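Derivation of every value follows stated rules applied to the coordinates shown; laboratory data play no part. For clarity, every value in this text was computed on a predicted model and none was experimentally measured. Ideal geometry is used to build each Cβ from the backbone, glycine not excepted, and the neighbour counts take in all protein chains shown.
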Amino acid sequence: MGSVVSYTNEVKVDFVGVEKKTLEAHGAVSSETACEMAEGIRKAMHTDFGAGITGIAGPDGGTSEKPVGLVYIAVAGPEHTEVKKNLFSGTRKQIKFQSTQTALDMLRRMLAE
């Protein structure tokens, strides 16, 4: 149906449905934000399932608290939302690939429930 690439907090709020208070309390890279992204995109696209991926793919931008490779992935379905914290390694391209593959696997598993 569609997708939103939301690198900024403004896009997360305006187009994906993430609450400003969630971003203020937990940051853009958090399980809470990933869940709201998945649920928000599901609602915005009028679909049964939605996925949200938020993280730090690098090569810069990491901190000791949130290092490069930290990625939260959430999948929202009609019954519930699942979120997974990941710490991937590799190049930016490799981290992005691992993130998409993990999201697809999470969706596959949810569909099999």
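Below is a table of values for the structure above.
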read-out	value
Among the residues listed as 33, 54, the single one being closer than 19 Å to residue 2 by Cβ and among the β-branched types (Val, Ile, Thr)	54
Strands (runs of 3 or more DSSP E) contained entirely in the range 1-110, each with at least 2 residues that are surrounded by fewer than 20 Cβ atoms within 10 Å (Cβ to Cβ) and in contact (Cβ under 8 Å) with a residue 12 or more places away in the chain	81-87
Residue count for the range 54-64, restricted to those that are more than 25 Å from residue 40 (Cβ to Cβ) and either of a type in the set (A, V, I, L, M, F, W, C) or over 18 Å from the mean Cα position of the chain (by Cα) (or both)	4
